[in-house]
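The next block holds one structure in the form of structure tokens; read it before the comments.
Throughout, read-outs are computed from the coordinates displayed, never taken from laboratory work. Just so you know, these numbers come straight off a predicted model, no measurement behind them. Glycine also receives a Cβ, built like all others from the backbone with ideal geometry; neighbour counts cover every protein chain displayed.
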Amino acid sequence: MSFIDRINSPGTLLSDGATGTFLQTRGLEPGGCPELMNVEKEDAVIEMAQGYFDSGSDFVLTNTFGGSPFMLKKYGYEKKTHEFNKAGAELAKSVCPKDKFVFGSIGPTGEFIKPLGNVSEDEMSDGFKRQINGLLEGGVDGIIFETQMAIEELVLGIKTTKSITNLPIIGSMVFDKGPRGFFTMMGVTPEQASAEIYNAGADIVATNCGNGSEIMSELSKELISHSKLPVMIQSNAGIPKIVKGKVIYDEKPDFMTKNYKKIIDYGASIIGGCCGTTFEHIKRFRKFLNEND
């Protein structure tokens with residue numbers, strides 16, 4: 001069964017949990033390049049994908065969030081764009097069960113399109129193509145643009161992806177709650193985001209990161225109410241706190257599950273975890289879904 005068929009079938013799909021916070025436990029240094037681990041610490045990346053599949057994820061994301069040439073250039077690895085993305089996809093696919101999936105993760109480029117920034121649409125699109133082609137060669141089953149803040153960048157990414165593959169696409173933005181409601185850092189509302197992601201041709205509207213599960217349940221209700229597409233929600237395990245010099249995410253699996261029950265009741269098609277979520281969170285979500293789907 002294809003991923004789109006699964007989405008259109010009864011039940012809620014389960015994505016994976018955090019990437020960065022896991023890799024930090026396996027040697028990723030603060031400020032280090034996570035994608036370098038796809039070629040230098042393959043065992044850690046495989047362990048992560050295997051762990052999420054074993055915990056009950058229906059699909060996992062590749063370790064390529066910062067794999068655009070724009071981001072890799074900051075580490076001196078721009079020329080490794082294709083290699084790092086292909087390797088990230090191959091590692092996750094190497095442990096992917098036949099009835100599950102791997103999505104290629106694409107995070108923000110860190111650039112703005114002219115005239116707001118210094119990069120032209122063609123330059124950004126070419127950057128996306130380099131990353132996407134590596135992911136496709138590595139065998140991904142879909143593409144997710146996640147933690148996006150600028151709708152122009154996300155729309156361009158979706159359209160670029162559609163120009164080279166028919167694989168399913170997820171468009172995910174980060175929203176903050178203010179006095180006037182939910183907005184991205186660039187001022188995009190959930191209503192505008194859901195409309196533009198739909199019009200660009202994506203298959204799933206999503207939100208991830210930036211919030212704990214209580215705020216995310218509130219946001220999900222609004223996003224789902226506006227979306228013509230299935231909706232995916234990936235919450236942080238709370239807002240990060242500094243405790244004894246370490247970053248801590250303190251939402252436990254049971255606490256998140258209570259809020260995820262609301263999110264599913266509102267109509268979310270996919271749930272998963274973002275920063276701070278672990279194998280234990282995913283196992284708890286899987287147990288809940290198995291008991292309630």
Item to complete: Compute the semi-axes of the equivalent ellipsoid of the chain, taking the square root of 5 times each eigenvalue of the Cα gyration tensor, and list them largest first in whole Å.
Response: 25, 23, 20
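Express the relative contact order of the range 3-288 as a whole percentage, based on alpha carbon pairs under 8 Å and six or more residues apart in sequence. Mind showing how you got there, number by number?
Numbers: 595 pairs, mean separation 54.0, N = 286.
Over the range 3-288, the number comes to 19 percent.
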Practice prompt. Pop a pseudo-label 7 angstrom from the Cα along the beta-carbon direction at both A195 and K258 and give the gap in nm to one decimal.
Written response: 3.7 nm
Item to complete: Under a 10 Å cutoff between Cα atoms, tell me which one of G142, G212, G245 has the largest fluctuation in the Gaussian network model of the chain.
Response: G245
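Hull surface divided by four, with the convex hull built on the Cα atoms of the range 1-124: how many nm²?
On the way: hull surface 36.5 nm².
For the Cα atoms of the range 1-124, the hull's average projected area reads 9.1 nm².
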Worksheet item: Which residue fluctuates the most in the chain, going by a Gaussian network model with Cα springs under 10 Å, if the choices are V247, V231, V188?
Response: V247
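Relative contact order for the range 126-202: what percent, with Cα pairs under 8 Å and sequence separation of 6 or more? Walk me through the numbers on the way to the answer.
Working: 93 pairs, mean separation 24.9, N = 77.
This gives 32 percent for the range 126-202.
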Worksheet item: When we measure straight from the Cα of K244, which lysines land under 25 angstrom away, once same-chain ones fewer than 8 places off are left out?
Response: K252
Worksheet, complete the sentence: Using eta = 1.306 mPa s and T = 10 °C, Stokes-Einstein with Kirkwood Rh from Cα pairs puts D for the range 199-293, in µm² s⁻¹, at 117 µm²/s
Discussion item. If each residue of separation counts as 0.36 nm, what is the full-extension length gain between D5 and K244 once their alpha-carbon separation is subtracted?
Written reply: 81.4 nm
Item to complete: Could you give log10 I(q)/I(0) at q = 0.14, 0.17 Å⁻¹ for the range 93-210, computed by the Debye formula over C-alpha point scatterers of equal weight, without solvent?
Response: -0.58, -0.83
Practice prompt. Using a cut-off of under 17 Å, list every residue of the range 48-75 whose amide N is near the label point 7 Å from the Cα of K129 along the Cα-to-beta-carbon line.
Written response: 68-70
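In the chain, once you exclude exposed trypsin sites (Lys or Arg not before Pro) (DSSP loop, at most 12 other Cβ within 10 angstrom), what's the longest stretch remaining?
Details: sites that count: K74, K98, R180, K228, K244.
It works out to 99-179.
Between K221 and D43, how high is the FRET efficiency from 1/(1 + (r/R0)^6) when r is the Cβ-Cβ distance and R₀ = 51 Å? Nearest 0.05.
On the way: r = 41 Å, r/R0 = 0.80.
According to the calculation, E is roughly 0.80.
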Item to complete: Give the Cα extents of the range 66-130 along the principal axes, in whole Å, largest first.
Response: 45, 24, 15
Worksheet item: Taking the Cα centre of each part, how many Å lie between the range 20-37 and the range 240-293?
Response: 22 Å
